[in-house]
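One structure is given here, and the rest of the page talks about it.
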Amino acid sequence: MEIATFQLKYHHITHVLPQTATVRCSYGYTLSGTNPRVCGASGWATAPQTCAKNQNCMTLTGPTGGSLDCTGASVGSTCTVQCNANYVTLSDFTEVTCQSSFLWSHQTNDNSKGLFSPCVEKKAPESRSLAVSMLIEVDSCKTADEKTNLISGLETFMGSQPTITCLANSQCTMEDVACVNENSKSKVTFNLKQTADMTNENVLKTSDTAIQNLVTSNSVTFPIKTSKKRETVTVSADSESYTSEVATACAAGQVQTGDTCYTCPAGYKSSPQCGPCPAGSYNPTEGAASCTDCTGGKSTFASGATSSSQCVEVCTVIQVQHGEFNVAVGFKLEPADVLSLTCISG
């Protein structure tokens, strides 16, 4: 449905009493006064209604699985998306601003109601590990005994460091430790495999930062026994040799964004990849491969609809020759909304 006219209903009928007068304000205006206004035998029973231009942006509703932290609704005010604990937002933005047009910055032709993408619950991945590599300033990986001594010394050092919190708090294990000789040094590699608090993608990242800081500050030092006369020497890591990478594997049917796993939510379709149902369609269940189209010429006010009840009659403001409405062309409104039309002079 397209809007090409506007309505302002104000009925004043005098031959039968009492009668009422109902005012419908244009979009972007707020009604003040008693509505409808009643006319009786003694005249009008209430003062005239008035329509005042809004001086604030609309009140927003927070996302599913989260809430909004707003500084107000006046021009320049902001609202920030806050997801519930263990949830992550699917939105491309987390903060919106009330603009001088009294529309929020995310209120566009495709989202005139100012809706937000949902926050979804994080799911535990099948596995998550941190692959680490560093050089030790000693050529001590030639024999099996040398490798055993070096690896044992490094494992003892790592386990003694309180800043490597995933080891200190038993949230990960140190596995697949190996060493090879490289340019008169010992290249050591190992994996930290996360074993607890699996939905928290920061467990390994925090420990990664801690290990890197220890290496770059020349703090990775530990004793080992050498093959020569079984002497004990202190070795240290090359401060510029540290490299690492976190690898996350989500379970079958889960969606992966970075190191976060989640199930494609209601309002979205999982095929060919997880994305919101287009405007004019909906999906009430998580993990669904497709969306259902609205029927009867109805549509939705934005993408990501979760129910057929969101399929409604939607009016789109059109361009008018020699004039313009008080709302931008393409903006979506409800059939009951009223517009003001200004004609070009002449």
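The values are calculated or read from the model by the stated rules, or taken from the named source; none is laboratory data. Here the structure is a predicted model, which is why all the values come from computation and not from measurement. Methodologically, a virtual Cβ is constructed for each residue, glycine included, from the backbone with ideal geometry; neighbour enumeration extends over all protein chains shown. These accessible areas exclude ligands, DNA and RNA; they are computed on the full protein's heavy atoms, side chains included. Shrake-Rupley method; radii C 1.70, N 1.55, O 1.52, S 1.80 Å.
In this structure, does residue 199 turn out to be closer than 30 Å to residue 84 by Cα, under 32 Å from the mean Cα position of the chain (by Cα), in contact (Cβ under 8 Å) with a residue 40 or more places away in the chain and not in a strand (DSSP E or B)? When the stated conditions are applied, residue 199 passes them. For the stretch 265-284, the tally of residues that are open to solvent by less than 30 Å² (accessible area, probe 1.4 Å) and either among the aromatic types (Phe, Trp, Tyr) or free of Cβ contacts under 8 Å to residues at least 12 places away in the same chain (or both) stands at 2. Contact annotation: residue pairs with Cβ atoms under 7 Å, 6 or more positions apart or on different chains, pairing a residue in the stretch 142-169 that is under 14 Å from residue 206 (Cβ atoms) with a partner that is assigned to a helix (DSSP H, G or I) and open to solvent by 30 Å² or more (accessible area, probe 1.4 Å), are 162/168; 165/206; 167/159. Of the residues examined, residue 39 is not one that is part of a loop (DSSP other than H, G, I, E, B) and either open to solvent by 50 Å² or more (accessible area, probe 1.4 Å) or out of contact with any His (no Cβ under 6 Å at 6 or more places or on another chain) (or both). Scanning the stretch 56-109 for residues that are of a type in the set (Phe, Trp, Tyr) and within 18 Å of residue 27 (Cα to Cα) gives 102, 104. Note on the stretch 214-232: among residues that are in contact with a strand residue (DSSP E or B) (Cβ under 8 Å, 6 or more places away or on another chain) and open to solvent by 50 Å² or more (accessible area, probe 1.4 Å), the one that is farthest from residue 144 (Cα to Cα) is 218.
Would it be correct to say that residue 249 is surrounded by fewer than 14 Cβ atoms within 10 Å (Cβ to Cβ) and modelled with pLDDT of 95 or more? It is true that residue 249 is surrounded by fewer than 14 Cβ atoms within 10 Å (Cβ to Cβ) and modelled with pLDDT of 95 or more. Scanning the stretch 139-158 for residues that are open to solvent by less than 50 Å² (accessible area, probe 1.4 Å) and polar (S, T, N, Q) yields a count of 2. Within the stretch 69-121, being in contact (Cβ under 8 Å) with a residue 40 or more places away in the chain and either outside any loop (DSSP other than H, G, I, E, B) or in contact with a Phe, Trp or Tyr (Cβ under 6 Å, 6 or more places away or on another chain) (or both) holds for 88, 98, 104, 109, 112, 113, 114, 119, 120, 121. A single member of 268, 262, 242 is farther than 30 Å from residue 65 by Cα, under 34 Å from the mean Cα position of the chain (by Cα) and not hydrophobic (A, V, I, L, M, F, W, C), and it is 242. I'd like the residue in the stretch 159-192 that is closer than 23 Å to residue 231 by Cβ and of a type in the set (A, V, I, L, M, F, W, C) and, out of all such residues, is surrounded by the fewest Cβ atoms within 10 Å (Cβ to Cβ). Among those that are closer than 23 Å to residue 231 by Cβ and of a type in the set (A, V, I, L, M, F, W, C), it is 180.
Taking residues in the stretch 307-320 that are over 15 Å from residue 111 (Cα atoms), and partners anywhere that are assigned to a strand (DSSP E or B), the pairs with Cβ atoms closer than 7 Å and at least 6 places apart or on different chains are 307/282; 308/282; 318/2; 318/3; 320/341.
If you filter the stretch 72-124 down to residues that are closer than 17 Å to residue 306 by Cβ and aliphatic (A, V, I, L, M), you find that the one that is most open to solvent (accessible area, probe 1.4 Å) is 115. Is it true that residue 161 is on the phi < 0 side of the Ramachandran plot and touching a strand residue (DSSP E or B) at 6+ places or on another chain (Cβ under 8 Å)? For residue 161, the condition - on the phi < 0 side of the Ramachandran plot and touching a strand residue (DSSP E or B) at 6+ places or on another chain (Cβ under 8 Å) - is not met. So for the stretch 235-244 (the condition being without any contact (Cβ under 8 Å) to a residue 40 or more places away in the chain, exposed (fewer than 12 other Cβ atoms within 10 Å of the Cβ) and part of a strand (DSSP E or B)), does at least one residue qualify? No, every residue in the stretch 235-244 fails to be without any contact (Cβ under 8 Å) to a residue 40 or more places away in the chain, exposed (fewer than 12 other Cβ atoms within 10 Å of the Cβ) and part of a strand (DSSP E or B). The single condition from (1) at pLDDT 95 or above; (2) closer than 26 Å to residue 310 by Cα; (3) surrounded by 13 or more Cβ atoms within 10 Å (Cβ to Cβ); (4) hydroxyl-bearing (Ser, Thr, Tyr) that residue 295 fails is (3). Whenever a residue of the stretch 335-346 is hydroxyl-bearing (Ser, Thr, Tyr), its partners that are open to solvent by 100 Å² or more (accessible area, probe 1.4 Å), lying with C-beta atoms within less than 9 angstrom and at least six residues away or across chains, give the pairs 340/8; 342/324.
None of 204, 192 is aliphatic (A, V, I, L, M) and either free of Cβ contacts under 8 Å to residues at least 24 places away in the same chain or outside any helix (DSSP H, G or I) (or both) except 192.
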